[in-house]
Amino acid sequence: MGPLPDGLVLRTARPADVDRIGALLADRGADVDALDHRLAVQDPDLGYAACAVVVDGERVVSTALLLDETVRIGDVVVPAGQVELVATDREYEGRGLVRALMGWAHERSAQRGHLLQVMIGIPYFYRLFGYEYAVDMPRARTLQTAATTPRAPAGDDAPPSGPSLRRATPGDLPALAALQDAAQSAYDVAMPHPPARRRWLLEHDASTTWALERGGAVVGSVRTTPPDGGTVLVAEPAATDADAADLLLGAVVARFPHVTPRVVHRPLTVTGAAWEARLGPADELAEQYYVRVERPEALLDALRPVLTARLRAAGLDRREVVLSTFGRHYRMTVADDGALGPVVVGGPMQDPGAHRAAGVAPTSLADLLLGQRGMHGLARRHPDVYPGPDAELFEALFPPLTADLLTYYLPW
């Protein structure tokens, strides 16, 4: 925070900045971004301190917002951050303003105890700020058999005793949270919507949150985007059972009869199993979430219960575990009961194999800890990721993981 070159100043946003920030976001992104920003900073769970601006006098010329998240990895929940709503005035591009704002966001994230940052961002750009692609996004797949999908009545057209798909209300929030918790429970890695964002999503314009009601209870939910170019995106589907899943899909088709639904597939959920056969193939182009890990020792230390459980499940008798990122290494001793001890940070280890350690380039560390490839898959993609002579140990500690991350904006 403070002065920048050319008389610019980086500071926390203030209520008087809201309209100026909204105008900048609308100009560089979409009109809906201005509302989303207002919903975030005016929510008591977040507030103006979560937003920073660069100003030229009273003019807001760049901005960024840091959201609080939690990421569950196995049974461990770690605090995380997500940078969103980043924009710079065209006249001020190329002056390092986004770099300054990302520095602010990462400093604030560290102060709030976040152990990593996760985000959706434009291709490549955020790799300049320490992010790497690490977690596969769910794929949007075209609904192929809409004609054979049971079309449940929707909204005002539904009989009083029958199921209905209606816009979700604040009173539905506990039920929606429970549906998503159940949907994410089968995944190794999950990032839920925090309570504040669930409130914002009921009011913003970039998507609509729907609730499926059956017998007076909410049994399904989904987010949809406004129809665009003959397509509507159907995301974050969740249902209590297969019947509710069928009713939910039918109600969505009935709600949007003249457009083609593209469904963000969640394979390990009730809806994923019920809808799988009705969806076309996924696009094969890579799509991944960005992840940034500034202090690997802190994240590894938090994950010791998960790593200990994996070590015990593998039945391997080892005295220590050493993971090298070449410029540094991380050592955990193994107690007599098989529990991993605190992480001890060491210096450069350029030849981890000679120390019975695994080597992982820092650019692949987030993928190793959260991604779908694991040690085995990464070692076959990258020469600077390898398990060393103790492959059985490191492939057990770092297996491929399934992941389901819920973010403010939807992956296409």
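Please treat every number below as a calculation from the coordinates, not as lab data. Just so you know, these numbers come straight off a predicted model, no measurement behind them. So basically every Cβ, Gly included, is an ideal-geometry build from the backbone, and we count neighbours across all protein chains shown.
Net charge dipole, segment 295-397: roughly 200 debye, given to the nearest 20, about the Cα centre with Cβ charges of +1 for Lys and Arg and -1 for Asp and Glu.
Amide H contacts of A87: T63, each under 5 Å away and 5 or more positions distant or on a separate chain (H built 1.01 Å from N in the peptide plane; Pro and chain starts excluded). Extending 7 Å from the Cα toward the beta-carbon at both L128 and T70 defines two label points whose distance is 3.5 nm.
Want the number for L202 to V345: 0.36 nm per residue separation, take away the alpha-carbon distance, what's left?
Values: separation 143, 0.36 × 143 = 51.48 nm, distance 4.48 nm.
Taking 0.36 nm per residue and subtracting the Cα distance, the gain is 47.0 nm.
Modelled spin labels at A26 and A110, positioned 7 Å past Cα toward Cβ, are 3.7 nm from each other. Looking at segment 171-268, the DSSP beta bridges with both ends there are about 75 percent antiparallel.
Counting only other residues whose beta carbon sits under 13 Å from that of P174, what net charge do I get with K and R as +1, D and E as -1? Before the final figure, lay out the partial values.
Numbers: positive: R198, R199; negative: D172, D181.
So the surrounding residues net to 0.
A Stokes-Einstein calculation at 37 °C with viscosity 0.692 mPa s, built on the Kirkwood radius of segment 295-397 over Cα pairs, returns a diffusion coefficient of 245 µm²/s.
Among A105, A273, A87, the largest mean-square fluctuation in a Gaussian network model of the chain, built with springs joining Cα atoms closer than 10 Å, belongs to A273.
Across segment 285-295, coupling constants 3J(HN,Hα) worked out from phi with the 6.51/-1.76/1.60 Karplus curve, θ = phi - 60°, read 5, 5, 9, 9, 6, 6, 9, 10, 10, 7, 10 Hz, and Gly and Pro carry x.
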